[in-house]
Amino acid sequence: MKIIKKILEMQDQSDHLRSSGKKIAFVPTMGFLHEGHLELMRYGKKTVDTLVVSIFVNPTQFGPNEDFDAYPRDMEGDLLKVEQVGGDIVFSPEAGEMYPADSQTKVVVDKVTKHLCGLSRPGHFDGVTSVVSKLFNIVKPHIAIFGEKDYQQLAVIRRMVMDLNMGIEIVGIPTVRESDGLAMSSRNAYLNPQERASALCLKKALDLADRLANEGEKNTRTIKRSMEELILRHPFTEIDYVQLCDPVSLEDVESIDGETLVALAIKVGRTRLIDNKIISMKGDFS
Ligand code: PAF
């Protein structure tokens, strides 16, 4: 497995691979890898010839009061994990390599960033789309693989790739969960045992929404209220948002008339966690 830190070297490698007819799968990450990341990598490895993984904690997607400095890092452990799933190249640039002092360009996606996490983390998606565009120009992948846990990120990147005709296939992989249902996330490492127990309220609230819709409840306000009550019965929780929305535009919906995205962001202690589920009304209740 090759470890590359310089942009020009990564671009040369990718040009070489492409000109020898190889297909490149790319998994961008911020490191502290868990089973969720490894699933994305396994998909890439089994689908095409060469798997490139980037490890870069991107400063521009963190707000001034967010956890950039504290974000968990474990480069040695990460390299072992990528090697174990058969990764071919790890691209892990320094921040100065990615953002030279005179850098002035941002990539901004409009409407789909104006909901959910876009409201509570202003500028976050501009940081994500800018760094992912740069990584795409550096790694030059044929396909890029993202987790569905970050549903809005996936929707934003799909929009960007379409709008800018990037010609990269974007693949979403279902959320990987711990055995008790908590969605895997690098930020789970922040939770103490009591908070870890409370964090199960995210999955329980999503399951409740699914059950209510299955039982014929169409009114999203009613579903949202029940979810919020369930969450707040768990200690250390603070609701950032609980939204039921259109899975493509991410605009709120009033009624469950087709597939609906239920998305939530909850602070458990000082840790902000997100999760989501697509629900629909099943059965005929007319
Ligand atoms: O999902 C992440 O880990 C990050 O947002 C990404 C896509 C690697 C961009 O920094």
Positive-end extreme of charge dipole, region 25-67 - chosen from Leu33, Thr50, Gln61 (charges on Cβ): Thr50
Where nothing but the Cβ of Lys and Arg (+1) and of Asp and Glu (-1) is charged, how large is the charge dipole of the chain around its Cα centre, in debye to the nearest 20? 220 debye
Give the carbon-plus-sulfur fraction of the accessible surface of the chain in %, rounded to a whole number; probe 1.4 Å, heavy atoms of protein chains only. 49 percent
Positive end of the charge dipole of the chain (Lys, Arg +1 and Asp, Glu -1 on Cβ, about the Cα centre): tell me which of Ala144, Gln243, Met227 has its Cα farthest that way. Ala144
Positive-end extreme of charge dipole, the chain - chosen from Pro72, Met160, Gly21 (charges on Cβ): Gly21
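Take the Cα atoms of region 178-286, build their convex hull, and give its volume per residue in Å³.
98 Å³
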When only C-alpha pairs under 8 Å and at least 6 residues apart count, what is the relative contact order of the chain, in percent? 17 percent
Cα centroid separation - region 190-213 against region 32-48, whole Å: 25 Å
What longest range of the chain stays clear of loop-exposed chymotrypsin sites (Phe, Trp or Tyr not before Pro) (DSSP non-H/G/I/E/B, at most 15 other C-beta within 10 angstrom)? 69-284
By how many degrees, 0 to 90 and rounded to 10, does the Cα axis of helix 151-163 deviate from the longest principal axis of the chain? 50 degrees
Relative to the chain, whose Cα atoms define the longest principal axis, helix 7-19 and its Cα axis are tilted in degrees, nearest 10, by 90 degrees
State in Å² the accessible area per residue of the chain; use a 1.4 Å probe, count heavy atoms of protein chains only, and round to the nearest integer. 49 Å²
Region 1-115 - charge dipole about Cα centre, Lys and Arg +1 at Cβ, Asp and Glu -1, debye rounded to 20: 540 debye
Angle, helix 124-139 long axis vs. longest principal axis of the chain, Cα atoms, 0 to 90°, nearest 10? 30 degrees
How much space per residue, in cubic angstrom, does the convex hull of the C-alpha atoms of the chain take up? 140 Å³
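The values are calculated or read from the model by the stated rules, or taken from the named source; none is laboratory data. Model, not experiment: these values are computed from the prediction. Every residue, glycine among them, receives a Cβ derived from its backbone with ideal geometry; neighbour counts consider all protein chains shown. The accessibility values were calculated without ligands, DNA or RNA, using every heavy atom of the protein model including side chains. Shrake-Rupley method; radii C 1.70, N 1.55, O 1.52, S 1.80 Å.
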